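Taking it in order: structure first as C-alpha cells, then the write-up.
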Amino acid sequence: MSDLIHQFIFASAQRTPQAEALVYGERRLDYAALAAAVQDAAHGLLARGLQRSERVAVYLEKNIENVAAMFGAARAGGVFVPVNPLLKPEQVGYILGDCNVRVLVTSADRLRLLADTLPSCPDLHTVIVTGKTHDLPALPHLHVLPWAAAMQEAPPAVPHRCIDTDMAAILYTSGSTGRPKGVVLSHRNMVAGAVSVSSYLENTAADRLLAVLPLSFDYGLSQLSTAFRVGATAVLINHLFANDVLKAVVAEKITGLAAVPPLWIQLAPLAWPADCTLRYLTNSGGAMQRATLDALRAALPRAQPFLMYGLTEAFRSTYLPPSELARRPDSMGKAIPNAEVMVLRPDGSECAPHEPGELVHRGALVSLGYWNDPAKTAERFKPYVSPQYGLPLVEMAVWSGDIVRRDDEGFLYFISRNDEMIKTSGYRVSPTEVEEVVYARDKVGEAAALGVQHPGLGQAIVLLAFPRAGESLTEAELLAAVKPHLPAYMQPQKVIVSATPLPRNPNGKIDRKLLSTQYANIFTEGA
C-alpha cells in the first residue's frame, strides 16, 4: 500500500518495471527508469542540503525533469511547488518568496527572465537548470548548477522521514481578493484523490493518459498521480493548437483525456477518427456547454464523458456518472468515493432538497489550508460538528464559496459563486490581481476587472479604467501597458476607458455588481 504520493511510482516499478510510465516527445521511460530518475532527483536535492518540508519550486514546461523534480522532492521529504509556466516573473517571484522556496528547478531561458526577480527571494539558495546552460545570468548570491551535475554529483542519502499527514505540495490558486493563495496538500490528500478518481474512472495499467493541462493545476497533476497509482502510462504534451491534442491522442493511442471547457470547445469539431482509442473524457474547471457535450458524444461515441466538479482546496468533490448524462446533463453529480459533500445554510444546518446552500466538503481530500495565511484559512476552512456528539475532537471541512442545490435523488446542481472570482479558460483569476497590475500604470486612477460570460471562454475579463486627474488614456494604450505583465489567460478581452469615475456602492467601494450587470451582454449582443 502507498501512503506517500511518490510511492505510487516505486510500487509500480516493483510490479511492472518494464511497463511504460512516462512519455515526452521521443523520450520514453519505463517504471524502473522513472523510479531511478525520481531517486536521483531526491538524492540531488538532499545533497544540496534540502531539509524536511522545505519547498522546491519547479518552473518548467511539462517534461521528464519536471516530473522527476516534483516527485523527487516528495521522495526526499521536501515539498514541491509546481509553478505555472505561463506566469510572468512578477508572479513567479511572489510565489517563491511567499512559500520560502529553497530550491528552484527551471530552464536557462526562464532563469534569464527571473534574473531581476530572484534577489528578492531571500530563502532561495540553489537553482538547478535543465537543458542547455549557456549564457546564464550572473547570480552570485545563489548556487546555480546544471541538472545533470546535480544528479551525478549526488551521493546516496537517506530521505527525511515523512508520514501521510505531512505536506507534499503547495499549489497556488488565485484568491477572490489579493495575491494568489498557496493551497497546502498533504500526502494523504493526494493519495486519497488518486485512489478515488482512479476507482470511478476504472483506470488500469492498460490506460494511457494524455497530460494536457498545466501540472500546477490539481486537475493537471491528477493525470500523473492517477496514472502512477495503477501503473498506467502518462504522456506529456505542451500543445499550441487543439489539433496537436488530436494528433497526440491518435499517435499515442490515448485512452483517457482530461480538459477544461474552452479546450473541449476547440476539440469537439475536429475530425476524430472512427477507431479512436479514447475510453473516457473528463471535464472540470467549469460547466461544459450542452452543445459541446453533444458534439463530443457524436464524434466519440465510444468515449464515456465524466463531468466533474472540484476545488483546489479539496481536489475533487463530485462527478456525474456517464449513465446519468441523458437524465440530468446539467448536474454536477454526487460526491466522489471517500468524500462527503453537503449543502449547508450559513448556520451550518443541512439544506432541504432544492434549497440553495453552500457546498461544503469533508473527508480525506480536504487540504491543510492556505500557506502562511491563517486569516484566509479561517474564512474557508471551518470545524465540522459531527452528529456523533461523543466525539471530543472536531474535524475541518472546506466551505467552497459555491452555491448549489440538491434534487430529491441527491444529485447536485451549480447555481453561482459567493465571491467575485473570474473563471476563464479553466483558470481561476482574482480581479484584484489583475487590478494591481493596472494600478501600477501611472495614468490609471480607478480600475475594475470583471468576469463576463463569454461563448468560448466561460468568462472573459473586461477591464474598466478611469484616468487620473489631468491624464488622458486610450484603451489601446492601456492594453499595451498591461500586456507584458500578465500571462495570456489573465489578458483582458475588452478594455473600456470610462469618461466618468467608476460607480461606487454605499460602502464607498467600486460597485462591481452594477458594472457586471451593465456589461453582462457585451460579448453576446448582436451575436
*asked:* List the residue pairs whose Cβ atoms are under 6 Å apart, where the first residue sits in segment 411-424 and is over 23 Å from Arg327 (Cβ atoms), the second is buried (at least 18 other Cβ atoms within 10 Å of the Cβ) and polar (S, T, N, Q), and the two are 6 or more positions apart or on different chains.
replied: Asp419/Ser176; Glu420/Ser176; Met421/Ser176; Ile422/Gln459; Lys423/Gln459; Thr424/Gln459
*Pairs only if they're at least six apart or on different chains, beta carbon under 9 angstrom, first in segment 113-139 and on the phi > 0 side of the Ramachandran plot and modelled with pLDDT of 90 or more, second polar (S, T, N, Q) and surrounded by 13 or more Cβ atoms within 10 Å (Cβ to Cβ); list them, first residue then second.*
Gly131/Asn63; Gly131/Ser107
*Can you tell me which residue among Leu104, Leu111, Leu171 is of a type in the set (A, V, I, L, M), within 30 Å of Gly451 (Cβ to Cβ) and surrounded by 17 or more Cβ atoms within 10 Å (Cβ to Cβ)?*
Leu171
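This table checks each residue for (1) in a helix (DSSP H, G or I); (2) out of contact with any strand residue (DSSP E or B) (no Cβ under 8 Å at 6 or more places or on another chain); (3) within 16 Å of Leu457 (Cβ to Cβ); (4) acidic (Asp, Glu).
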site: Pro262; (1), (2), (3), (4): yes, no, yes, no
site: Cys276; (1), (2), (3), (4): no, yes, no, no
site: Met288; (1), (2), (3), (4): no, no, yes, no
site: Asp294; (1), (2), (3), (4): yes, yes, no, yes
*Would you mind stating whether Ser53 is more than 17 Å from the chain's Cα centre (by Cα), at pLDDT 95 or above and polar (S, T, N, Q)?*
yes
_Residue satisfying condition, being among the charged types (D, E, K, R), out of contact with any Cys (no Cβ under 6 Å at 6 or more places or on another chain) and at pLDDT 90 or above, within set Lys494, Lys443, Lys509_ = Lys494
*Specify the residue that is surrounded by the most Cβ atoms within 10 Å (Cβ to Cβ); the eligible residues are those in segment 448-494 that are part of a loop (DSSP other than H, G, I, E, B) and among the aliphatic types (A, V, I, L, M).*
Leu457
*Which ranges mark the strands (runs of 3 or more DSSP E) fully within segment 111-219 that have 1 or more residues being over 30 Å from Glu20 (Cα atoms)?*
126-130, 143-146, 167-173, 181-186
_Would you confirm whether or not segment 37-58 contains a residue that is of a type in the set (Val, Ile, Thr), within 14 Å of Thr106 (Cα to Cα) and outside any helix (DSSP H, G or I)?_
yes
*Output the number of the condition that Thr377 fails; it satisfies all remaining conditions of (1) part of a helix (DSSP H, G or I); (2) touching a Pro at 6+ places or on another chain (Cβ under 7 Å).*
(2)
_Residue pairs, Cβ under 7 Å, 6 or more apart or interchain, first in segment 489-504 and in contact (Cβ under 8 Å) with a residue 60 or more places away in the chain, second polar (S, T, N, Q) and assigned to a loop (DSSP other than H, G, I, E, B). List them._
Tyr489/Ser425
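The values are calculated or read from the model by the stated rules, or taken from the named source; none is laboratory data. This structure is a prediction, so every number in the text was calculated from the model and none was measured. Cβ coordinates were reconstructed from backbone atoms using ideal geometry, including for glycine residues, and neighbour counts include every protein chain displayed.
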